[in-house]
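Remarks on the structure that follows.
The values are calculated or read from the model by the stated rules, or taken from the named source; none is laboratory data. Remember, it's a predicted structure, so these values are computed and weren't measured experimentally. With ideal geometry, Cβ positions are generated from the backbone for all residues, glycine too; neighbour counts draw on all protein chains shown.
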């Protein structure tokens, strides 16, 4: 009877198989480059702690990518808010109702898997529509009962890998009142949008009717950032403040009324639409948003050859925008106008 190869023999076999593959396949080329990086680590003799960080991060990301990949066909909303929010607080019920409405409309939620607002969102969406990305803390944070033992619960050691998956896998962000962590996540998402490091998506800041948490936060942003010209006026359009679960869901759904997704291809921003625009509508966009395209104009066309690796969206019409990367707020305005145009 054949015996299984010992670990070193198996590793040698895998290396030989990988090295024998042609680099004409982009994935194979990247894997070989990644392997080269590992060999260079041996040459550089990093500190043991540095190696442990690399090893743990790569293991966590490999597992999380594999898990999320099964659900890429569904839109997801990252939900942030205080872990200290008691269940009797009206904000807890607001978060639960918001997540329930999202699930009814086909969305999933991604929470930090903790208590408070996170638990409320997982309860509202239900286990089948929930992800939990838990952070391992010195004072151990146990996953909440609504997500514990679920296959879609992932544990991260480092905040940076956890944030990566919040940003990478979500199509919208809903933030309820919270503390330092909530503010960190809010500004992280705003920064990624402002700098073009994440695809356009809505950020809704949710409070109770008459609540002042986000009103005062917005006043701080206007009085201390905008007034000092530390942000541009259109950057205020990267978020919306709402005061009901219904308005929060409507804001997210409205963002995807016609806009579907986007991708940068050789310096051009490709906006995939669910329905084409008329030539007159495209002409009007070029007049209204000429400042976004100083070296060209917006064109409606079919998929670009470079998008062939995404066959599931090849049939969608496109707006190809020679975007200058400097006005995320203006880009959001463009998407809002496209969504409001009659089709």
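Data overview
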read-out: Hits in segment 150-162 - residues which are crowded, with 19+ Cβ neighbours inside 10 Å, assigned to a helix (DSSP H, G or I) and either out of contact with any helix residue (DSSP H, G or I) (no Cβ under 7 Å at 6 or more places or on another chain) or not assigned by TED's automatic domain parsing to the domain that holds residue 97 (or both); value: 162
read-out: Qualifying residue in segment 42-64 (condition: in the same structural domain as residue 209 (by TED's automatic domain parsing) and assigned to a helix (DSSP H, G or I)); value: no
read-out: Residue match in segment 184-199 (condition: without any contact (Cβ under 8 Å) to a residue 60 or more places away in the chain, closer than 30 Å to residue 264 by Cβ and in a loop (DSSP other than H, G, I, E, B)); value: yes
read-out: Top-ranked residue in segment 311-325 [being within 21 Å of the chain's Cα centre (by Cα) and closer than 20 Å to residue 197 by Cα; ranked as modelled with the highest pLDDT]; value: 323
read-out: Single match in 220, 165 (criterion: without any contact (Cβ under 8 Å) to a residue 40 or more places away in the chain and outside any loop (DSSP other than H, G, I, E, B)); value: 220
read-out: Number of positions in segment 78-93 that are under 18 Å from residue 144 (Cα atoms) and either within 24 Å of the chain's Cα centre (by Cα) or in contact (Cβ under 8 Å) with a residue 40 or more places away in the chain (or both); value: 10
read-out: Matching option when the condition is more than 28 Å from residue 168 (Cβ to Cβ) and either at pLDDT below 95 or surrounded by 13 or more Cβ atoms within 10 Å (Cβ to Cβ) (or both), among 267, 296; value: 296
read-out: Output for segment 69-107, where each listed residue is assigned to a loop (DSSP other than H, G, I, E, B) and surrounded by 14 or more Cβ atoms within 10 Å (Cβ to Cβ); value: 71, 75, 81, 82, 83, 85, 89, 107
read-out: Test result for residue 113, under 23 Å from residue 136 (Cα atoms), at pLDDT 95 or above, in a helix (DSSP H, G or I) and assigned by TED's automatic domain parsing to the domain that holds residue 163; value: no
read-out: Single unsatisfied condition, residue 303 versus (1) exposed (fewer than 14 other Cβ atoms within 10 Å of the Cβ); (2) under 29 Å from residue 107 (Cα atoms); (3) in the same structural domain as residue 332 (by TED's automatic domain parsing); value: (1)
read-out: Residue within segment 228-243 that is crowded, with 17+ Cβ neighbours inside 10 Å, touching a residue at least 40 places away in the same chain (Cβ under 8 Å) and farther than 19 Å from residue 190 by Cα present; value: no
